[in-house]
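Working notes, beginning with the structure itself.
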Amino acid sequence: MKFRWTYVWIVLLIVIVLMKWNSLQGLFTAADHQVPKDTYKKGAVMKVMSIGSSVAEGWDDPTGGGYLKRAFASFSQYNHATFDLINQAKAGDTVVKIENEYAGWLKSIKPQIVVLAWGALDDLSNNTPMPVYKQQIRNEITLALASHAKVFVVTPPITRASYTQYKVQEAQMVNTEMAIARSFPSNQVYVFDVFNQMKNYIASHHQTYVPYMADGWHPNTKGHALAGQLLFNDMKAALG
């Protein structure tokens, strides 16, 4: 009888050990699958260079500095790393206006990430031909990749002009820009479509664009905050 009880206890002990081992293996396996392809070391500093015009510069968001600054501040906090945004966006800039400066910025700043954040409104008002717009976007991505930087192509927040003055044209420019970015056979080019997501958000919440606008061409703080949150969510999903 004593022998039988000893045998039972040994079997139970073996079962418990096997169950624990399988549980630990499951944890390790799950952790491996959860590790994203792109990880950033805690405490690391990543230089981020952005280009665009006034919306990308952060106009009319005095508390948050604009949707790009908001998104990268949130991403820094999330990753426990620093994404140092060096914002080269300037009111009135177009893809043609920065052509002679862009390569120099890449060389002097040496960013790990380049953000193309064109709103298209300045290019539309300056009558930038679509073939020129396409070629400049392609050149900007090519030069950034040649500088060993990741490229984030970020479509703009919506503005009043997105629904009125340039309703069709801006959407065409945005879709063209995304198509060019997706045509690159590189896993270092990311597309974050804030424009269409923001439109969908407003529609799904039965709102109009009015509460998010500062004027005809610029979001207010509320608009930048929404755009920044959408961009952060996309960055988190894509990069971890």
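When restricted to residues that are hydroxyl-bearing (Ser, Thr, Tyr) and either in contact with an Asp or Glu (Cβ under 8 Å, 6 or more places away or on another chain) or under 19 Å from Gln197 (Cβ atoms) (or both), the range 132-169 contains 6. On the stretch given as the range 80-100, residues that are surrounded by fewer than 21 Cβ atoms within 10 Å (Cβ to Cβ), more than 29 Å from Met130 (Cα to Cα) and touching a helix residue (DSSP H, G or I) at 6+ places or on another chain (Cβ under 9 Å) total 3.
For Pro131, which of the numbered conditions (1) within 22 Å of the chain's Cα centre (by Cα); (2) over 15 Å from Ser50 (Cα atoms) fails to hold? Tallying (1) within 22 Å of the chain's Cα centre (by Cα); (2) over 15 Å from Ser50 (Cα atoms), Pro131 fails exactly one: (1). The residue list Ala171, Ala161, Ala181 contains one member that is under 20 Å from the mean Cα position of the chain (by Cα), part of a helix (DSSP H, G or I) and closer than 28 Å to Ala73 by Cβ, which is Ala181. Evaluation of Gly223 against the conditions (1) outside any helix (DSSP H, G or I); (2) surrounded by 22 or more Cβ atoms within 10 Å (Cβ to Cβ); (3) touching a strand residue (DSSP E or B) at 6+ places or on another chain (Cβ under 8 Å) shows that the sole unmet condition is (1).
Please verify whether Trp105 is crowded, with 18+ Cβ neighbours inside 10 Å, in contact (Cβ under 8 Å) with a residue 24 or more places away in the chain, in contact with a strand residue (DSSP E or B) (Cβ under 9 Å, 6 or more places away or on another chain) and closer than 30 Å to Gly43 by Cβ, treating the condition exactly as stated.
When the stated conditions are applied, Trp105 passes them.
Among the residues of the range 121-144, those identified as surrounded by 17 or more Cβ atoms within 10 Å (Cβ to Cβ) and either farther than 18 Å from Val174 by Cα or modelled with pLDDT under 95 (or both) are Leu143, Ala144. Does the range 77-96 contain at least one residue that is within 18 Å of the chain's Cα centre (by Cα), assigned to a helix (DSSP H, G or I) and not hydroxyl-bearing (Ser, Thr, Tyr)? So far as the range 77-96 goes, yes, one or more of its residues are within 18 Å of the chain's Cα centre (by Cα), assigned to a helix (DSSP H, G or I) and not hydroxyl-bearing (Ser, Thr, Tyr).
The values are calculated or read from the model by the stated rules, or taken from the named source; none is laboratory data. All values reported here derive from a predicted model rather than from experimental measurement. So basically every Cβ, Gly included, is an ideal-geometry build from the backbone, and we count neighbours across all protein chains shown.
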